[in-house]
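Read-outs: derived from the displayed coordinates by stated rules, not from any lab. Small disclaimer: the values here were computed from a predicted structure and weren't measured. Counting neighbours? That spans all protein chains shown, and the Cβs are built from the backbone with ideal geometry, glycine included.
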Amino acid sequence: MQKSKLTLYIFVALVLGIIAGYLFNVLVINQINTRISNAQAGIVSVQKALAGLKDTTDRDYKMLIQQRALLTAHSRFNQALREKRLQGFTILSDIFLKLIKMIVAPLVFTSLVVGVAKVDNIKAVGRIGGKTLLWFLGATLVSLLLGMLLVNLFGPGKAVNLTAPYADPGTILPATPFSLKDFVEHIFPESFIAAMAGNQILQIVVFSLFFGIGTAAIGEKGLIIIKVFEAITQVLLKITGYVMYLAPLAVFGAMAAIIAKQGLGILSTYTVFIGEFYFSLLILWFLIVAAGYFILNKRVFRLIGKIKDAILVAFGTSTSEAAYPKLFEELEQFGCSSKIVSFVLPLGYSFNLDGGMMYMTFASLFIAQAYGIHLSLAQQLTMLLILMLTSKGIAGVPRAALVVVALILPQFNIPEAGFALIIGIDPILDMGRSATNVVGNAVATAVVSKWENELK
């Protein structure tokens with residue numbers, strides 16, 4: 001499939017997915033959604049009645065508890081039924097994502113080992129790594145600060161004006177306190193095989209760095225490993241080309257499932273919040289490209305054009321991981337050195353998720369605003385630093401940005417029930433932040449290549 005045709009097919013799949021999702025929502029899912037809404041409204045009503053009863057041994061109190069349990073079970077049953085009805089759409093994106101995940105872990109390992117081994121100099125590895133982490137740190141700070149600034153400026157949550165409702169525990173992601181022990185354990189793999197099986201990119205990166213340095217240290221014997229791993233990398237990229245034929249189907253299925261589940265109403269209900277978040281992402285894009293222009297000059301615009309397929313795949317599937325193999329290939333075609341791409345890009349997927357960083361501050365402060373909770377500048381800066389640390393600790397976890405938001409809310413006495421405010425629209429927001437992650441890592445890789453005089 002030619003590159004230009006793939007882009008066109010992906011875009012057409014997006015549009016067709018919206019249409020198909022809307023029709024399926026109206027004809028099939030809407031009735032199920034109505035039952036879910038009625039059950040949840042009943043739960044809220046029962047919860048208010050319970051709040052007015054102080055005697056927990058009272059007969060009415062026990063009846064209300066039973067009624068709430070029945071309504072909760074009814075809600076969960078219909079949610080499971082809705083997911084079953086959507087399987088025809090979700091299976092398309094699930095197959096594509098599983099095939100991509102099949103490629104990502106071995107591609108990160110082989111390419112990063114080759115990238116480090118080819119440097120053939122521990123000092124050079126440290127130099128490139130230092131420049132890379134310096135850029136990542138700057139990008140992370142800008143993303144978090146920009147999210148904090150814009151959510152305060154726009155105030156999207158102020159119009160919501162909520163009091164803490166009853167929340168079905170099944171809708172809340174588990175949040176565990178952040179600890180240094182958890183952070184260290186997540187970085188360093190106990191087993192390389194387990195890290196590969198679990199697609200733990202950060203742990204694979206750590207092992208690959210050691211393996212690459214060891215390969216370089218054994219001299220000529222290491223050349224055999226380098227040649228083998230280079231060949232494996234090329235095979236994996238060829239497989240990527242075959243898998244990309246399924247990208248339009250995956251985008252169609254993912255988009256249809258989102259719209260079918262939530263309906264077009266989800267776009268109008270949260271129009272202000274979604275619009276302001278995407279406007280904020282555009283500002284972040286502008287800053288990333290501007291920083292890239294300062295280093296790369298006009299070539300930065302050609303870079304963005306070159307990686308449009310990877311951006312569309314990330315946007316359509318709501319995961320930047322799906323775009324990794326394609327982005328790897330496109331960066332090499334752009335002119336970045338293979339050893340720099342092999343070194344920087346895997347690190348970027350663990351340390352440089354710019355869209356996710358902005359979302360974390362934006363969503364956390366949006367929920368605080370919705371409940372009328374004022375956080376001082378000192379509290380917001382503290383939140384920013386915690387987010388910066390915890391986000392690195394759980395990189396690679398599915399829906400990692402959501403997990404971090406769930407973790408941060410109780411630490412600032414923000415009602416955890418407010419998490420339900422963003423659960424429904426998260427797939428829509430995830431599309432934008434995933435595409436932004438791709439742009440941020442692409443520019444970072446090109447910049448480091450330029451700094452190392454490795455940009456053709």
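Listed values for the range 105-112 are Karplus-derived 3J(HN,Hα) couplings in whole Hz (6.51 cos²θ - 1.76 cosθ + 1.60, θ = phi - 60°), namely 4, x, 5, 4, 5, 5, 5, 6, and x replaces Gly and Pro.
I'd like the orientation of helix 354-370 relative to the chain: the angle between its Cα long axis and the longest Cα principal axis, in ° from 0 to 90, rounded to 10. It is inclined by approximately 20 degrees.
Pairs of alpha carbons in the chain separated by more than 42 Å make up 18% of all such pairs.
Tell me whether the range 227-308 comes out rounded, prolate or oblate; compute the Cα gyration tensor, take square roots of the eigenvalues as a ≥ b ≥ c, and use a/c under 1.5 as the rounded threshold. Taking the square roots of the gyration eigenvalues as a ≥ b ≥ c, the range 227-308 is oblate. Ordering 426, 60 by the number of other Cβ atoms within 10 Å of each residue's own Cβ, fewest first, gives 60, 426.
Cβ-to-Cβ counts within 10 Å put 242, 359 in ascending order as 242, 359, the fewest first. Let's see if you can work this out: charge +1 on each Lys and Arg Cβ, -1 on each Asp and Glu Cβ, no other charges. What is the dipole magnitude of the range 3-451 about its Cα centre, in debye to the nearest 20? In debye, rounded to 20, the range 3-451 gives about 640. With neighbours defined as other Cβ atoms within 10 Å of a residue's Cβ, the residues 329, 190 order from fewest to most as 190, 329. Counting lysine pairs in the range 236-356 whose alpha carbons fall under 14 angstrom apart, excluding pairs fewer than 8 residues apart on the same chain, gives 4. Taking the Cα atoms of the range 14-70, the ratio Rg/Rh between the radius of gyration and the Kirkwood radius comes to 1.32.
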